[in-house]
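Accompanying notes for the structure given below.
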């Protein structure tokens, strides 16, 4: 009899633990991250449209710009400097919060970027009468270790899109500058940047265990009902695509596209744009550089010529760009150098 009671008690304890985990997950913050132009804004707006998330239509840039810019937040002087820099930007203005009320809590309770982000996001959630928040600065995919350390319950959605489409869109935005000697190399640089971001995100994401999930942008476009239902299980919240469309916050209703205005649903197709927009030699160049990563992620290559895909010059060029991105990121993380390397003028953020 005692063994039966013990077994029943163990089952009840397991059930209670599972219920507690589901409850905790349903209130945990969510980071929607990935390389730029991969659909992170779109997915975060879907979360906002699903309800119970604080609506914050801005990128926080906490880990990649704000915290490095002041050289860390351990000292009160640095925290005051951060608030002074932050207040005139849209990053603060779109919170809808009162600085006079918020500042004392940050000065007293903040010791790192995670604390800062959590304090003001939770304040937004309270003001909006909801239980959780989401953050969507794409470059934060490079800071997963710091996110896990400072916000341990954070759930991470890593959005991955076809690197050829991302490179094409990023080139149009002129966000990634090629190396000085690589004239006309904007597309190639953007493609390698995508690969560098995706590979780092996947590597560091594995360390988060059950709190990390990869999301295919193409699945979101082609199978939104099933994809969102699965993501809903991961974040502990129902994600009904039809209901999300009815609310339609931001890019859910008006896609954030670099390819001109959206005319109607039938004409809007964000998949495989590289096939029509890029000449054959550019496609071969991209696939020669990114082929292994594209194949690993399940994308089909258009180039079938093995010799064309095995170009030593492009492999060397790709390795050089990745080394450049690595070096820049490492130097930015050095406490003494970060205030000098991070842009001193934040006016472009607000």
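The values are calculated or read from the model by the stated rules, or taken from the named source; none is laboratory data. None of these values were measured; they are calculated from a predicted model. Please note: Cβ atoms are built from the backbone with ideal geometry, for glycine as well, and neighbour counts cover all protein chains shown.
Tabulated results
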quantity: Residue match in segment 218-232 (condition: over 24 Å from residue 269 (Cβ atoms) and surrounded by 14 or more Cβ atoms within 10 Å (Cβ to Cβ)); calculated: yes
quantity: Condition met for residue 108 (out of contact with any helix residue (DSSP H, G or I) (no Cβ under 6 Å at 6 or more places or on another chain), at pLDDT 95 or above and buried (at least 20 other Cβ atoms within 10 Å of the Cβ)); calculated: no
quantity: Out of 287, 281, sole residue that is modelled with pLDDT of 90 or more and surrounded by 10 or more Cβ atoms within 10 Å (Cβ to Cβ); calculated: 287
quantity: Spans of helices (runs of 4 or more DSSP H) in segment 29-109 with at least 1 residues more than 22 Å from residue 241 (Cα to Cα); calculated: 67-70, 76-86, 90-93, 99-109
quantity: Sole residue being modelled with pLDDT of 95 or more and part of a helix (DSSP H, G or I), chosen from 233, 170; calculated: 233
quantity: Residues satisfying the stated conditions in segment 301-333, i.e. modelled with pLDDT under 90, closer than 27 Å to residue 71 by Cα and exposed (fewer than 12 other Cβ atoms within 10 Å of the Cβ); calculated: 328, 330
quantity: Failed item, numbered, when residue 258 is tested on (1) in contact with a helix residue (DSSP H, G or I) (Cβ under 7 Å, 6 or more places away or on another chain); (2) under 28 Å from residue 224 (Cα atoms); (3) modelled with pLDDT of 90 or more; calculated: (3)
quantity: Filter result for the condition that a residue is over 27 Å from residue 103 (Cβ atoms), touching a helix residue (DSSP H, G or I) at 6+ places or on another chain (Cβ under 7 Å) and either at pLDDT 95 or above or crowded, with 21+ Cβ neighbours inside 10 Å (or both), over 47, 66, 73, 43; calculated: 43
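One line per residue, one yes/no per condition, for (1) closer than 16 Å to residue 214 by Cα; (2) at pLDDT below 95; (3) part of a helix (DSSP H, G or I):
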| site | (1), (2), (3) |
| --- | --- |
| 147 | no, no, yes |
| 152 | no, no, no |
| 156 | yes, no, no |
| 164 | no, no, yes |
| 175 | no, yes, no |
| 181 | no, yes, no |
